[in-house]
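Visitor: Dumping the structure here so I can ask a few things about it.
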Amino acid sequence: MKATPLSNCERRFLLRAIQERKRLDGRQCYDYRNIRVSFGADRGCCIVELGKTRVLAQVSCELVSPKPNRPTEGVLFFNLELSPMAAPGLEPGRQSELLVSLNRLLERCLRDSKCIDTESLCVVAGEKVWQIRLDMHLLNHDGNITDAASIAGIVALCHFRRPDVSVQGEEVTVYTPEERDPVPLSIHHMPICVTFAFFHQGTYLLVDPSEREERVMDGLLVIAMNKHREICTIQSSGVVMLVQDQILRCSKITAVKVAEITELIQKALENDHKARKEGGKFGFAESIPNQRITAFKMESAAVDTNNVEEQAGEIIAKADPPSEVFANPILHTPGTAQIGEGIENSWGDLEESEKEEVAEEEGESEAAAFECQKTETEDTNMMKETKEDEPILLSDSEEEEVVILEPQEVPRKTRTQTSTKPENTSKKAFNKRRRKKRTSR
């Protein structure tokens, strides 16, 4: 899945804001986002948050054979992974150009700068050395992956402890943390990357660019430096040409930022070491603030147990008296019981709307019965007026019966009351009237 491209309006808006020395998150041109370092329960595990950019770093070690050309030096291995979980534009299992350049930059920053004493990782020359593996995972991408990954890598290396070993003849013994205290890595200095973004052919400069600012920038400059003002590596990319004054200006800014970040890292390491030594809270779970939905634990609240009986007596005295209690159940019929007074039985009672509907139906049925009786009486009177000797004419038409559809069916009660004889007479009278009309025509 490709990342959503910026529209022309967004691009013009960002460039116009940079020209006016403004940024979307309210920072100044040389300001970093907030950096937060949290450690896991195990040594060598940490999460670094640079604004909304998050990187997880984990250090592990194992005994391996050394390289033939360096038999007394340990092995360092660094790996950074970008997953779609961090950003939709990142593809899993694919070595993109961004990933390759980031891995090479981190290797130059951490390995080529000789920040770790690799000779201290040798156990038996030419046979056994420690291999230190640093794995970094990008959890969320909001710009400036390089700085976040370099900080997470050096913090995890400083926080890591390898098992202690002893050599007796040709036998190598590795001790568990319970048998001997783990040994920290020998780190000479802490190189940290600082990223600069250039806009409008190098006219404007920003420190720690965000993800949207990286999309509209013309060039990028990364400087890795330690707190002793020693440049460990430098890399430039993009379509912008930089002059000497711009690079010197960026190096001076880098020295200030590296000193601040190094102090923050050392303070975080000291706080974690102090918490582990005193048996206090440490780890990712304990770094979550309390009184939130995502919190695992809540602080215990003190409960006052003094004068509990007096307070209970006051509460009982102020409460309403209890209602009458029926100890023995009332048995109406076998298999049923009643406790308390209960309410009236309303089973089978109709509601008011249902009662109105029943009344309307009864009125309509009575009116229909009355009309039926009226028509029958009129038919009988017509029968009496007709002459007995009048001839009967038979019709050749196919219409033998006439069916009248009434709006509602007459109830059975009215049907039982009327006899079958008047029905026959009414039909005969109706047929005679129809025959008279036809003959008159």
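Visitor: Across the stretch 104-113, in residue order, what do the Karplus-derived ³J(HN,Hα) couplings come to in whole Hz, using 6.51 cos²θ - 1.76 cosθ + 1.60 with θ = phi - 60° and x for Gly and Pro?
Guide: Values per residue, Gly and Pro as x: 5, 5, 5, 5, 5, 6, 9, 8, 6, 7 Hz.
Visitor: In nm, to one decimal, how far is the ALA359 label point from the GLU211 one, both placed 7 Å along Cα→Cβ?
Guide: If labels sit at ALA359 and GLU211, their model points lie 7.0 nm apart.
Visitor: Tell me the volume per residue, in Å³, of the convex hull enclosing the alpha carbons of the stretch 132-210.
Guide: 137
Visitor: Count neighbours as other Cβ atoms within 10 Å of each site's Cβ, and list the GluC sites (Glu not before Pro) in the stretch 195-236 that are DSSP loop with at most 13 such neighbours.
Guide: Those that pass, being in a loop and sparsely packed, are GLU230.
Visitor: Report ³J(HN,Hα) in whole Hz for each residue of the stretch 310-316, in order, from the Karplus equation J = 6.51 cos²θ - 1.76 cosθ + 1.60 where θ = phi - 60°; Gly and Pro get x.
Guide: 5, 5, 5, x, 5, 5, 5
Visitor: If you don't mind, there's one more thing I want to ask. Report the local net charge at ILE47: Lys and Arg +1, Asp and Glu -1, summed over other residues whose C-beta lies under 10 Å from its C-beta.
Guide: +1
Visitor: Accessible area, 1.4 Å probe, largest first: how do THR254, THR439 sort?
Guide: So, going from the largest accessible area down, we get THR439, THR254.
Visitor: So which GluC sites (Glu not before Pro) in the stretch 1-83 are both in a DSSP loop and have at most 10 other Cβ atoms within 10 Å of their Cβ?
Guide: Of the GluC sites (Glu not before Pro), the ones in loops of the stretch 1-83 whose Cβ has at most 10 other Cβ atoms within 10 Å are GLU20.
Visitor: 5 Å is the cut-off here: which amide hydrogens, built 1.01 Å from N in the peptide plane, fall below it relative to ASP164, excluding neighbours closer than 5 in sequence?
Guide: Amide H neighbours of ASP164, under 5 Å, 5+ apart: TYR175, VAL183.
Visitor: Identify the residues of the stretch 241-271 with backbone N under 20 Å of a label point that sits 7 angstrom from the Cα of ARG229 along the Cα-to-Cβ direction, or state none.
Guide: The answer is 244-264.
Visitor: What is the stretch 34-282's relative contact order, in percent, from Cα pairs under 8 angstrom and six or more apart in sequence?
Guide: 19
Visitor: Right, another one. Which order do you get for TYR30, TYR175 if you rank them by accessible area with a 1.4 Å probe, largest at the top?
Guide: Result, largest first: TYR30, TYR175.
Visitor: With a bin width of 10 angstrom, please list the P(r) values of the stretch 34-282 as percents of all Cα-Cα pairs, from the 0 bin to the one holding the largest distance.
Guide: Pair shares across the bins are 7, 29, 33, 21, 8, 2, 0.
Visitor: Same structure again: Using only the Cα atoms of the stretch 209-272, build the gyration tensor, take square roots of its eigenvalues as a ≥ b ≥ c, and label the shape rounded, prolate or oblate: rounded if a/c is under 1.5, else prolate if a/b is larger than b/c, else oblate.
Guide: Oblate.
Visitor: Before anything else, pin down the relative contact order of the stretch 1-153: Cα pairs under 8 Å, at least 6 apart, normalised by residue count, whole percent.
Guide: Computed value for the stretch 1-153: 31 percent relative contact order.
Visitor: Excluding ALA125 itself, calculate the net charge of residues whose Cβ lies under 11 Å from the Cβ of ALA125, where each Lys or Arg counts +1 and each Asp or Glu counts -1.
Guide: Result for the neighbourhood of ALA125: -1.
Visitor: If you don't mind, another one. Where does the charge balance sit around PRO184 when Lys and Arg score +1, Asp and Glu -1, over other residues with C-beta under 12 Å from its C-beta?
Guide: With Lys, Arg at +1 and Asp, Glu at -1, the net is 0.
The values are calculated or read from the model by the stated rules, or taken from the named source; none is laboratory data. Treat the numbers as computed from the prediction; the structure is a model and nothing was measured. Reconstructed Cβ throughout: ideal geometry from the backbone, glycine too, with neighbour counts over all protein chains shown. When the accessible area is computed, the model is the full protein with side chains, heavy atoms only, and any ligands, DNA or RNA have been set aside. Shrake-Rupley method; radii C 1.70, N 1.55, O 1.52, S 1.80 Å.
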